[in-house]
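Read the structure below first, then the notes.
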Amino acid sequence: MADLAVDDLRIRLGGNEILKGVSLTLRRGEVAALLGPSGSGKTTLLRAVAGLEQPYAGTITVGGATVFDGAAGINQPTEARGLGFVFQSYALWPHRTVAENVAYSLKLRGVAADVQRDTVQKTLDSLGLGKLGHRFPHELSGGQQQRVAIARALVYGPTVVLLDEPLSNLDAKLREEARAFLKELIERENLAALMVTHDQAEALAIANRILLLNGGVVEQAGTPQEMYNAPETLFVAEFMGSNNHIEGKIMGMSDGRASIRIGEHLLDGQARCASDKIGQDGSAVIRLEGVHVADGSKGGQNHVKLDLVTSMFLGHTWEHLFRGPGMTIRAHHDGPLSSGAHWLHLPADRVWIF
Amino acid sequence: MSSAVAGTSTRRVVIAITALFVLAPILLITYQSFLTAPFFDPKAQLSLWAYEFVFNEPDFWRALGTTAMLAVGMTAISVPLGALLAFLMTRTDMPGRSVLEPLLLVPIFLSPLVLAFGYVVTIGPVGFITVWWKQYLGTPFWDIYSFSSLVLIAGLTHAPHVYLYAASALRSLPGDLEEAARVTGAKPGRVAMDVSLPMITPALLFSGVLIFFLGFEVFGLPLILGDPQGLLVLSTYLYKLTNKLGVPSYQLMAVVVMVIIAVALPLVYMQRMLLRTAQRFIAVRGKAVRTNLVALRAWRWPAFLLIAGWFAGTVMLPMMGLVLRSFVSSWGLGINLLEVLTLDNYVELFEDSEVVSAIINSVAIATIGGALTIACYTIIGLAQHRWNSAWVRFADYIVMLPRAMPGIVAGLAIFWVFLFTKPLAPLRTTLFAVWVAYTLVWLAYGLRLVQSALMQVAPELEEAARVTGAGVGRAMRDVTIPLIKHGMLAAWLLIMLIFVREYSTAVYLLGPGTEVIGSLVVSRWAGGAVDIVTCLSCINVALISLGLLVALRLGVKLHG
């Protein structure tokens, strides 16, 4: 049984439909990432699960108990939902020490003072904060503050934790460490975690499942691999990864394959559109790492010859920019290239045609 | 859906009580204005008689006209002067800015009544300056009791209100806007006219409306300076009406109050609208770094002298006169100052039991009463806090209403409410009635102080308490209130200053047990007791100065 289930949730804020019927389920040991551009409703969804936003329809179930049901008029207040919530800004209470911040939820639940102390210390220890209990939040580094926020959310043992862009306030270096730490923690504690992020790399790295939201609906949901390698719509394809986007005219379609005409070139690719688009304008999308520099080849299907415009060294690879009539393509390649024209191979199984 | 918005019923009750507290006096006044006699008179009947009577009174129309002219004149003096002060203080390299800055706000915290006494004892017909002038220079060229003097003094003493808003608008003006104009080739004067001034227009407009509105409210200055020549404004006309017909003419007073509220309410509403636009202009960007100031060059010292002169004339002159007068036994032409110096006035003062209890009451109502007032405002503020509801919008309008009641009107209204409501009647002659009136008059101001502190609490701090399991009330108690402690302390200090300064509100409530410094000096001045009035005024100023020093020491911002 799912530890968190959201079904057909709808939210209207000030006359705007923010969520237009969103569903998801989540089990212990799983991390689901809510991904999407700003304004897609991902934070609203997270806050609605916590009872901080008011849906007008749909249901939310936490650990089998219905906490919201628009039709039945059930609406548990935030404090009765028993969730863990890590805020983007951490929201540590500045007037309480670290230990007091963490102990607050236990105090509310009437836990005896000595048990409180032990539990808080154990939680702080497990997060590597053992000696910081007496400090105030402003005396901690950003990474430590984030851990305190996590400790505060977990100390009373909720099964479902909600994380609102938990890594966005950390600097780039720290963020990668925190990412691994967070994933390990969720698996170790066997939590069901729902996490909002706008960073697709973060979502791919941490989540077991990604829900990509767009305009208040789930555009596509699936494992990180599915989302990255098998996007169903142009929006998903473009949102995940770095892409080349080429406009053209769709010429034919058969057996899940399609071909698109771009200037004098005819590209084959995987069809991601209905057959009634034949003869109409379409787009070909290919990831930067899908393009191969094929010098020495003599052309052929899905080969194009373009001029190298400029090159950028990215550290682990090079990015080259090529341009030809009606086509601009960026490609990753593991070395520098001489100036002039180069053959590029756009393998048909890496090209999606929308 | 009721459980998620837990605490809603408590919020509703608080807002309902607030509404009752605000509306009861207004409704009672409205009702009284349509009666033929005081409401307690069994013969009182509903009619428009009182309106007809007042509107046929030439004195009423004269008072209304004088009030309008005073308000216009004040605005015409205060706004340019205040804007100039603000420009010199924030945008130029004028010397002595840091010394002048706290001083500029002093007139806001001084009682206008006390200032008026100060003017009378210095440049009144037998004031110190006047007498010396007569001795050495001949007939003085001024007449303190003329209308033009009244307008001038009112204008000069109200300039700090304009300064406050203009300066904060100028300060938040990003320096790069002006620099952009400089880079494209504009000279400093040109920049001021083309960029700085247009950018602070909303603030100036707002303060203009505010001053005009305050012009309708002034009571102390016209009471002291206008009365000897029979110059009445609406508030003093109302005060004089008290015994117009020999019997308490409540119905006539109620009509005058209705007129005052009818004029003030649209002005209050306008201020609210304008303040929003003004703040929108300010809120565009955060704190800007002041990069360079306009060099005044040869005008540096004249500019300094202008401000220093204004301060000397508006604050120093009357204050020194007051202090001096409180230490002489009598004063007039031909008296040698050294022969009349004495401490007797203060000795006598402390033998007068009414005066002593007025001082004690003033301090009590400012400290204990002020704390209770802030507690009430905090409860009202919390009831509206983070609650998106029609109730909150309703409460927003309700709390604005008392702003349209000048102190004297609110005091009268509360007096009537206590007279009208039988269970409250025994409390009328206690300090409680005065406290209620003060709390009503300063509701909008004090609530704004509390609300701005509440607004600074990041919503997720409260939400974090909610998700860990605290209900609405518990989250407020454990998170919100501890976080606004400093804001509440600051609000308390400001309210203390204001309560010590207050004079008009308690005028109608004055009686044994309810005397405060402000209302007592009004009545003693009418009795001609100059010695006691000047001593009490000095004590009043001393208390306020003490409070100001504490507030500045604690780093309280002197404006909400």
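The values are calculated or read from the model by the stated rules, or taken from the named source; none is laboratory data. Source: prediction; values computed, not measured. Here Cβ is always computed from backbone atoms with ideal geometry, including for glycine, and neighbour counts include all displayed protein chains.
Using the structure shown, decide if A:Ala5 is more than 22 Å from the chain's Cα centre (by Cα), more than 24 Å from B:Arg386 (Cβ to Cβ) and surrounded by fewer than 22 Cβ atoms within 10 Å (Cβ to Cβ).
Answer is no for this residue.
To keep it simple, each residue is scored yes or no on (1) more than 27 Å from the chain's Cα centre (by Cα); (2) under 17 Å from A:Ala341 (Cα atoms); (3) of a type in the set (A, V, I, L, M).
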position: A:Ala284; (1), (2), (3): no, no, yes
position: A:Arg287; (1), (2), (3): no, no, no
position: A:Gly299; (1), (2), (3): yes, yes, no
position: A:Phe322; (1), (2), (3): yes, yes, no
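Quick one: is B:Ala491 out of contact with any Ser or Thr (no Cβ under 9 Å at 6 or more places or on another chain), surrounded by 23 or more Cβ atoms within 10 Å (Cβ to Cβ), of a type outside the set (Ser, Thr, Tyr) and closer than 30 Å to A:Leu92 by Cα?
Criteria not met by B:Ala491.
Taking the stated definitions as given, is A:Ala32 in contact with a strand residue (DSSP E or B) (Cβ under 9 Å, 6 or more places away or on another chain), of a type outside the set (Val, Ile, Thr) and not in a loop (DSSP other than H, G, I, E, B)? Before you say what the answer is, go through the steps one by one.
Numbers: in contact with a strand residue (DSSP E or B) (Cβ under 9 Å, 6 or more places away or on another chain): yes; of a type outside the set (Val, Ile, Thr): yes; not in a loop (DSSP other than H, G, I, E, B): yes.
Yes: the conditions hold for A:Ala32.
Test A:Ala71 against the stated conditions and say whether it is over 23 Å from the mean Cα position of the chain (by Cα), part of a loop (DSSP other than H, G, I, E, B) and without any contact (Cβ under 8 Å) to a residue 40 or more places away in the chain. If you could, list the steps in order and put the result at the bottom.
Details: over 23 Å from the mean Cα position of the chain (by Cα): yes; part of a loop (DSSP other than H, G, I, E, B): yes; without any contact (Cβ under 8 Å) to a residue 40 or more places away in the chain: yes.
In short, yes.
Just checking, which of A:Ser311, A:Ser283, A:Ser242, A:Ser338 is more than 30 Å from A:Ala205 (Cα to Cα) and either in the same structural domain as A:Ala33 (by TED's automatic domain parsing) or hydroxyl-bearing (Ser, Thr, Tyr) (or both)?
Within the list A:Ser311, A:Ser283, A:Ser242, A:Ser338, the selection yields A:Ser338.
Matching residues to (1) away from chain B (no Cβ under 14 Å); (2) surrounded by fewer than 24 Cβ atoms within 10 Å (Cβ to Cβ); (3) more than 30 Å from B:Ile484 (Cβ to Cβ); (4) aliphatic (A, V, I, L, M):
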residue: A:Leu24; (1), (2), (3), (4): yes, yes, yes, yes
residue: A:Glu30; (1), (2), (3), (4): yes, yes, yes, no
residue: A:Lys42; (1), (2), (3), (4): yes, no, yes, no
residue: A:Leu52; (1), (2), (3), (4): no, yes, no, yes
residue: A:Ala65; (1), (2), (3), (4): no, yes, yes, yes
residue: A:Gly70; (1), (2), (3), (4): no, yes, yes, no
residue: A:Thr78; (1), (2), (3), (4): no, no, no, no
residue: A:Gly82; (1), (2), (3), (4): no, yes, no, no
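In the stretch B:444-486, which residues are facing chain A (nearest Cβ under 10 Å), of a type in the set (Gly, Ala, Ser) and either assigned to a helix (DSSP H, G or I) or in contact with a Cys (Cβ under 9 Å, 6 or more places away or on another chain) (or both)?
Within the stretch B:444-486, B:Ala464, B:Ala465, B:Ala475 meet the criteria.
If we scan the stretch B:492-510, do we find a residue that is away from chain A (no Cβ under 14 Å), in contact (Cβ under 8 Å) with a residue 60 or more places away in the chain and among the basic types (Lys, Arg)?
For the stretch B:492-510, residues away from chain A (no Cβ under 14 Å), in contact (Cβ under 8 Å) with a residue 60 or more places away in the chain and among the basic types (Lys, Arg): present.
Between B:Val255, B:Val195, B:Val247, which is farther than 22 Å from B:Ala76 by Cα and at pLDDT below 80?
B:Val247
Find the residue count for the stretch A:155-168, including only residues that are surrounded by fewer than 17 Cβ atoms within 10 Å (Cβ to Cβ) and in contact (Cβ under 8 Å) with a residue 60 or more places away in the chain.
Residues in the stretch A:155-168 being surrounded by fewer than 17 Cβ atoms within 10 Å (Cβ to Cβ) and in contact (Cβ under 8 Å) with a residue 60 or more places away in the chain: 1 in total.
Taking B:Ile368, is it assigned to a helix (DSSP H, G or I) and either surrounded by 16 or more Cβ atoms within 10 Å (Cβ to Cβ) or among the basic types (Lys, Arg) (or both)?
No: the conditions fail for B:Ile368.
What is the number of the single condition among (1) over 22 Å from B:Asp352 (Cβ atoms); (2) crowded, with 16+ Cβ neighbours inside 10 Å that B:Leu552 does not meet?
Going through (1) over 22 Å from B:Asp352 (Cβ atoms); (2) crowded, with 16+ Cβ neighbours inside 10 Å one by one, B:Leu552 breaks only (2).
Quick check on my filter: what residues within the stretch B:531-554 are more than 19 Å from B:Ser357 (Cα to Cα), in a helix (DSSP H, G or I) and more than 21 Å from the chain's Cα centre (by Cα)?
Passing the criteria: only B:Arg553.
Among the residues of the stretch B:449-503, which ones are within 32 Å of the chain's Cα centre (by Cα) and hydroxyl-bearing (Ser, Thr, Tyr)?
Selection gives B:Ser452, B:Thr480, B:Tyr503.
Across the stretch A:254-270, what is the total count of residues that are more than 30 Å from the chain's Cα centre (by Cα), among the polar types (S, T, N, Q) and at pLDDT 90 or above?
1
So, in the stretch A:88-127, exactly how many residues are loosely packed, with under 15 Cβ neighbours inside 10 Å, at the interface with another protein chain (Cβ under 10 Å from one of its Cβ atoms) and not in a loop (DSSP other than H, G, I, E, B)?
Going through the stretch A:88-127 one residue at a time, the tally reaches 0.
Starting from residues that are within 14 Å of chain A (Cβ to nearest Cβ) and out of contact with any helix residue (DSSP H, G or I) (no Cβ under 9 Å at 6 or more places or on another chain), keep the ones in the stretch B:1-40 and report whichever is modelled with the lowest pLDDT.
B:Met1
Among the residues of the stretch B:40-93 satisfying the criterion of being under 31 Å from the mean Cα position of the chain (by Cα) and acidic (Asp, Glu), which is surrounded by the most Cβ atoms within 10 Å (Cβ to Cβ)?
Residue satisfying both the conditions and the ranking: B:Glu57.
Looking only at the stretch B:305-329, which residues are in contact (Cβ under 8 Å) with a residue 40 or more places away in the chain, not in a helix (DSSP H, G or I) and not small (Gly, Ala, Ser)?
Passing the criteria: none in range.
Name the residues in the stretch A:191-220 that are surrounded by fewer than 17 Cβ atoms within 10 Å (Cβ to Cβ) and farther than 24 Å from A:Arg175 by Cβ, would you?
A:Gly215, A:Val217
In the stretch B:140-199, how many residues are outside any helix (DSSP H, G or I), in contact (Cβ under 8 Å) with a residue 24 or more places away in the chain, in contact with a helix residue (DSSP H, G or I) (Cβ under 8 Å, 6 or more places away or on another chain) and surrounded by 15 or more Cβ atoms within 10 Å (Cβ to Cβ)?
4
Applying the selection to the stretch A:54-63, what residues are within 11 Å of chain B (Cβ to nearest Cβ) and either farther than 19 Å from A:Thr25 by Cβ or among the polar types (S, T, N, Q) (or both)?
Result: A:Gln54, A:Tyr56.
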